[in-house]
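Here is the structure we will look at.
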Amino acid sequence: MSTRMRDAMGQRFKELRHEPTEKRVRAVLGDETIVDTTDAVLVWEPRRITPTYAVPAADLRASVTPAGPVTPGGPGLLHPGIPFSVHSTPGAAVSISAGGVERPEAGFRPDDPDLRDYVVLDFDAMDQWLEEDEELHGHPRDPYHRVDARASSRHVRIEDGGVLLAETTRPVLVFETNLPVRFYLPREDVVADLTPSDQLTYCPYKGQASYWSTASRPNVVWSYQQPLPDARPIAGLVAFWDDVLDVSVDGKLRERPGGAIVRSMREEFGVES
């Protein structure tokens, strides 16, 4: 990624952004549907990588009680592992109650005048989310996020400190917005011994990932066994955290991916450098 592109992306993450959506959005708490609206807004707080839904206060069928003002803070980038209660723009926290269930600070009312009639909701604090009639997991999808998987004949070799882990000439390359290219390999082209891990993660664009460890690194390999439609070409293939490994493509050693987003992902998933 060029310096100009990286600077533009960094500037975009510094801003409070919001965009309406025409999707029917529903949220369930305590067996009660507390939101059923077609007037939701996607909100990106400054430095927050993924969007969150804000809903009109008039459409929120729950008890909303003040929880105090918010002082903006948090680390450089707020990845999905950073709690919703960490905010990067001024506003006030509110608690949400319905169906005999209370979620402290599960709502946020930004000071931004364009959002004064909205409540931003903690995705993880709700028991269920739906867009139209499809259930959502992880976080709302970013309409500007793409996942392009392309079959390739490049010669990919992955090593760890000179030890060969995998080598193939039939990878699938995944190009995903704001992320470095990932190389997905057939399992039979992996020569390293892999130990299954208990770790699971969920990507709203690709689905649920299972993890494996090598002899020297935990949770450094993952695979989507039943990916979502946009990622079907990588079903059953495996990828390596090449951020911490040595990857050669067509005989040329690649520079390890860097930047704040990559660092925040390693932090979130507990990958050792």
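Here's a check for you: in segment 99-138, which residue that is touching a strand residue (DSSP E or B) at 6+ places or on another chain (Cβ under 7 Å) and on the phi > 0 side of the Ramachandran plot is surrounded by the fewest Cβ atoms within 10 Å (Cβ to Cβ)? Filtering first and then ranking leaves Gly99. What do you reckon, is Asp243 outside any strand (DSSP E or B), touching a residue at least 12 places away in the same chain (Cβ under 8 Å), surrounded by fewer than 16 Cβ atoms within 10 Å (Cβ to Cβ) and not assigned by TED's automatic domain parsing to the domain that holds Ile49? Considered against the rule, which asks whether it is outside any strand (DSSP E or B), touching a residue at least 12 places away in the same chain (Cβ under 8 Å), surrounded by fewer than 16 Cβ atoms within 10 Å (Cβ to Cβ) and not assigned by TED's automatic domain parsing to the domain that holds Ile49, Asp243 comes out as no.
Considering segment 19-49, the residues that are outside any strand (DSSP E or B) and of a type in the set (Gly, Ala, Ser) include one that is nearest to the chain's Cα centre (by Cα), namely Ala40. Does Pro104 satisfy the condition of being outside the structural domain of Ser63 (by TED's automatic domain parsing) and either in a helix (DSSP H, G or I) or not aromatic (Phe, Trp, Tyr) (or both)? So Pro104 does not fit the description; no.
Restricting to segment 188-221, give me the number of residues that are assigned to a strand (DSSP E or B) and under 19 Å from Arg170 (Cβ atoms). Write out each step before concluding.
To start, the set of residues in segment 188-221 that are assigned to a strand (DSSP E or B) comprises 190, 195-203, 207-213, 221.
So of that shortlist, the ones also under 19 Å from Arg170 (Cβ atoms) come out as 190, 221.
So the count comes out to 2.
The values are calculated or read from the model by the stated rules, or taken from the named source; none is laboratory data. Bear in mind the structure is a predicted one, so any value in this text is a computation, not a measurement. Methodologically, a virtual Cβ is constructed for each residue, glycine included, from the backbone with ideal geometry; neighbour enumeration extends over all protein chains shown.
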